[in-house]
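Here the structure comes first, spelled out in structure tokens, and everything after it is commentary.
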Amino acid sequence: MSPVTVRPDVMDTKPYAPGLTIEEIKEKYGLDTVIKLASNENPLGASPIVQKTVAKFAPYVFRYPHNGNPRLNMAIAKRTGVSEKRIISGNGSDEVIDLLIRIKAVPGRDEVITYESCFSMYRLMSRLCGVDFRQLPRENGFNQPVKALAEAATEKTALVFITSPDNPTGLAVSADEIRQAAEILPENTILAVDEAYIDFARPADKYDIIPLLDEFPNIVLLRTFSKAYALAGLRVGYGIMDETLADYITRSRAPFTVNLLAEEAAIAALEDEVFYEETLRIVHEGRKKITEGLEKMGCEVLPSQANFVMFRPPYNAQELFEELLRRGVIVRPLKSFGYGEHIRVNMGTASENEIFLSTVKEIING
Ligand SMILES: Cc1ncc(COP(=O)(O)O)c(C=O)c1O
């Protein structure tokens, strides 16, 4: 008997390619120590307060979480200064991306647009929803074509995705540019601004889009606890959006997707100011150090507002990636993003950053 077939567009879909794990590299190269600077995770590990909270709530995992996570939504609302009715928590911001496309785009009729070499989830989710996916070229090779996206939208365009700060370039789009795009975009097209790395952008005011939400009910912000709050493994993200839109999602989504431990951990993470501030400090220091260090070695480094930088080494990028792996340093080659000559590296601890820089130097200098 042959296996069942599925929708033709699903049969063609290529899977998401995650970064390599530390265990995989230790085993492959027989190494004892491996550092991972490939998935934009938090350099400090999990906050001690979050770890205690997870242990404290472990006995209650036989219970269902509170559907819709009202306590978490309240905590996010307090932190961001918006009404809790505007918050949708999800199983990572990936789930919120999926929900937005599902509730907005009509399969077979509508489209999602974004730009080339962007975060792969927008394409994956659009395809799964049976929605056309269109990408515009970037400007000058790297910049997000914000105005061009707004101008390209038609009545078929259900959503436009812009990542700011962007993955993999680290470039951020100002609130003024988002306003200009929102003014051009059809009122009924969602402008989803994926702010997974917004905590690291400075000056914060320049990139703060929250003040635009009242004026433009079609703007949605996507945020995550995976980066600055160090909860990537628990999967928590959220969207900030117009109340009516949030209500449509609440009514139609599957229940309980943010689990009980994830909810408690996220609430604790929001309260752990010390850990959050230390994360920002270490990322900002590391970003400067890595940028300057790479530039000294003749690399072209993009000015990043995120917890990683993208650079072009004066050396074959794929070979540099493989040599780094052999020496126990995992970074992200960007061929799959369409930038075969570039590498992305996230900020680690001060000593991880040192190891990274000295290893690159050793390889480049032969
Ligand atoms: C631009 C962007 N958006 C969203 C995410 C996913 O975040 P989450 O872990 O909350 O699903 C990532 C993760 O790397 C990302 O780079």
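The local environment of SER226, defined by Cβ-Cβ distances under 13 Å, has a net charge of -3 under the rule Lys, Arg +1 and Asp, Glu -1.
Straightening the chain between ILE49 and GLU23 buys 6.7 nm, computed as 0.36 nm per residue apart minus the Cα-Cα spacing. Note on the chain: helix-only mean residue ellipticity at 222 nm, from DSSP H runs of 4+ residues weighted -39500 (n - 2.57) and normalised by residue number, equals -11500 deg cm²/dmol.
The alpha-carbon positions of the chain define a convex hull whose volume is 164 Å³ per residue.
Where does the charge balance sit around ILE282 when Lys and Arg score +1, Asp and Glu -1, over other residues with C-beta under 12 Å from its C-beta? Surrounding charge for ILE282 is 0.
The THR13 and LEU136 beta-carbon pair, evaluated with R₀ = 30 Å, returns a calculated FRET efficiency of approximately 0.85. In summary, the helical segments of the chain meeting the span-like criteria, namely a full DSSP H run, a Cα extent along the axis of 20 angstrom or more and a mean Kyte-Doolittle hydropathy of at least -1.0, are 273-296, 350-364. Here the spin labels are modelled as points 7 Å beyond Cα on the Cα-Cβ line, and at ILE210 and ILE184 they lie 2.8 nm apart. Scanning the chain for GluC sites (Glu not before Pro) lying in DSSP loops with no more than 10 further Cβ atoms inside 10 Å, the longest uninterrupted stretch between such sites is 1-154. FRET efficiency for the pair GLU273 and LYS335, taken as 1/(1 + (r/R0)^6) with r the Cβ-Cβ distance and R0 = 30 Å, rounds to 0.15.
Note on the stretch 1-69: Cα-only Rg and Dmax are 20.1, 54 Å.
Compared with the alpha-carbon gap, the fully stretched path from ALA254 to THR5 is longer by 87.1 nm at 0.36 nm per residue.
Sorted largest first, the principal axis extents computed over the alpha-carbon atoms of the stretch 57-135 equal 44, 32, 24 Å.
One decimal place: the segment LYS289-ARG71 gains 74.6 nm when fully extended, by the rule 0.36 nm per residue minus the C-alpha distance.
Readers should treat all values here as calculations from the given coordinates under stated rules, not as data from a laboratory. Treat the numbers as computed from the prediction; the structure is a model and nothing was measured. For neighbour counting, all protein chains shown are included, and Cβ atoms are generated from backbone atoms with ideal geometry for every residue, glycine included.
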